[in-house]
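Reviewing the structure listed below.
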Amino acid sequence: MIILANDGITLKGIEALEKAGFEVNITKVAQNQLENFINDNNIDAVLVNKNTQIRQELIEACPSLKLIGNSSVNMDNIDVDFAIDNGLHVINPKNASASSVAELVFAHLFGMARFLHSSNREMPLEGDMRFNDLNKAYASGTELRGKTIGILGFDKVGQEVAKIAIGLGMHVMAYDDFVEEATITLDFYNNQKVDFTIHTTAIDDVLKESDFISLHLTNHEDYIITSTEFEKMKDGVGFINTAKGGILNEVDLVSAIESGKVQYAGLDVFETEPTPAVQLLMNPEISLSPNIGSSTKEAQERVGLELANQIIKLLN
């Protein structure tokens, strides 16, 4: 069987697949040439990330396809339901990047709590002329220790966020559609381990009691957070979305920032990628990153191996 790793796969992933008897093609095929390439080369499986679209028309036109693998956490670039209904396997090893996403959540949180997202913009422009003024402007930061973090979505990613939060001494509240409780294990450098059991609760309780809220409900298509949900939050809350675009109403977020309901926000994903709204990009109270939640070297190694293992299990 032939695997087209259109958006790449790690060397260890390639080695695992080839050892199992698969042929791996690492040619980068342009979107408008993908249909012909798949058919001309009798491709059995295609591996992509968010940069390549696998839509209904392509699936219908490529009868040799048996599997679609996505290395990105977000599956919006694939017509998943149509593919499954037509007998294709669709795989996504999102757990492999859970730690990377969780660490990005706290990169934004630490930066926002000490206003680094803003001071990093201002210091290069005015640091030499208004140093003392900037010192005063950013002198009211807060510590994360002792604060409450609300985690909306308590799958593997949400649980990794909880793990870091517990290690920092934060109080964790969580909501999930399906998970009622989870055991969070903290592993220490000297092989000691400590278990914590987190029971999920009603979403309104999480919204009302959290100092910071991190969004991880990726199985939704419509808005989860709108003006209605913002109104239930504490005044001056910090908000993070590393899950997916389209589940946060960005217009309502900007309004909540302007009213003071939200003090600052961290966004890694956007409704209109790859062209985020200008009012987000220019807002000084928003910490921004370009959809890099799963983009670490370590995560990509895990993703490559997990994709390979799933392909071997499903197609061999």
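The residue among 26, 190, 166 whose Cα reaches farthest toward the positive pole of the charge dipole of the chain, with charges on the beta-carbon of Lys, Arg, Asp and Glu, is 190. Per residue, the chain reaches -11000 deg cm²/dmol at 222 nm when only DSSP H runs of four or more residues are counted, each adding -39500 (n - 2.57). Taking the charge dipole of region 206-286 about its Cα centre, with +1 at Lys and Arg Cβ atoms and -1 at Asp and Glu Cβ atoms, the residue from 254, 218, 240 reaching farthest to the positive side is 240. Each label was represented as a point 7 Å from its Cα along the Cα-to-Cβ direction; for residue 223 and residue 310 these points are 3.1 nm apart.
Of the solvent-accessible surface of region 229-314, computed with a 1.4 Å probe and all protein chains present, 54% belongs to carbon and sulfur. Heavy atoms of the protein chains alone define the surface here; on that basis region 158-214 has 54 Å² accessible area per residue at 1.4 Å probe size.
Using only the alpha-carbon atoms, how far is helix 98-113 inclined from the longest principal axis of the chain? Give it as 0 to 90 degrees, nearest 10. Taking Cα atoms only, the helix is inclined about 20 degrees. Summing +1 for each Lys or Arg and -1 for each Asp or Glu among the other residues whose beta-carbon sits under 14 angstrom from that of residue 61 gives -4. Put a plus charge on the Cβ of each Lys and Arg, a minus charge on the Cβ of each Asp and Glu, and nothing anywhere else: the dipole of the chain about its Cα centre is then about 940 debye.
Could you work out how far the C-alpha centroid of region 164-232 sits from that of region 34-76, in angstrom? Cα centroid of region 164-232 versus Cα centroid of region 34-76: 34 Å apart. Classify region 159-316 as rounded, prolate or oblate from the Cα gyration tensor: take a ≥ b ≥ c as the square roots of its eigenvalues, call it rounded if a/c is under 1.5, otherwise prolate when a/b beats b/c and oblate if not. Verdict is oblate for region 159-316. Projecting the Cα atoms of 11, 43, 1 onto the dipole axis of region 1-55, where Lys and Arg carry +1 and Asp and Glu carry -1 at the beta carbon, places 11 farthest toward the positive end. When a/c reaches 1.5 or more, the comparison of a/b and b/c decides; with that in mind, is region 105-147 rounded, prolate or oblate per its Cα gyration tensor? Oblate, because a/c is 1.5 or more while a/b does not exceed b/c.
Highest mean packing first, where packing is the average number of other Cβ atoms within 10 Å per residue, the peptides 88-95, 262-269 line up as 262-269, 88-95. Computed in the context of the full set of protein chains, the accessible area of region 150-196 at 1.4 Å probe radius has 50% of its extent on carbon or sulfur. Positive contributions from Lys and Arg (+1) and negative ones from Asp and Glu (-1), summed over other residues with Cβ under 12 Å from the Cβ of residue 251, come out at -4. Output the pairs from 19/156; 94/193; 50/156; 94/136; 28/163 with a Cα-Cα distance over 31 Å in this structure; if there are none, say none. With Cα atoms farther than 31 Å apart: 94/136; 28/163.
Taking a ≥ b ≥ c as the square roots of the eigenvalues of the Cα gyration tensor of region 111-204, is the shape rounded (a/c under 1.5), prolate (a/b larger than b/c) or oblate? Prolate shape, in that a/c is at least 1.5 and a/b is the bigger ratio. FRET efficiency for the residue 289 to residue 259 pair, using the beta carbon distance and R₀ = 22 Å, is estimated at 0.35.
With the convex hull drawn over the C-alpha atoms of region 131-177, the volume per residue is 89 Å³.
By DSSP, the beta bridges lying fully in the chain are antiparallel in about 15 percent of cases. The spread of Cα positions in the chain, taken along each principal axis and listed from longest to shortest, comes to 64, 45, 38 Å. The Cβ shell under 12 Å around residue 43 holds other residues with a net charge of -3, Lys and Arg each +1, Asp and Glu each -1. Taking region 208-316 as the region of interest, the number of lysine pairs whose Cα atoms are within less than 29 Å, with members eight or more places apart or on different chains, is 12.
The values are calculated or read from the model by the stated rules, or taken from the named source; none is laboratory data. Quick caveat: nothing in here was measured; it's all calculated off a predicted structure. No Cβ is skipped: glycine too gets one built from the backbone with ideal geometry, and neighbour counts run over all protein chains shown. For accessibility, only protein heavy atoms count, side chains too; no ligands or nucleic acids. Shrake-Rupley method; radii C 1.70, N 1.55, O 1.52, S 1.80 Å.
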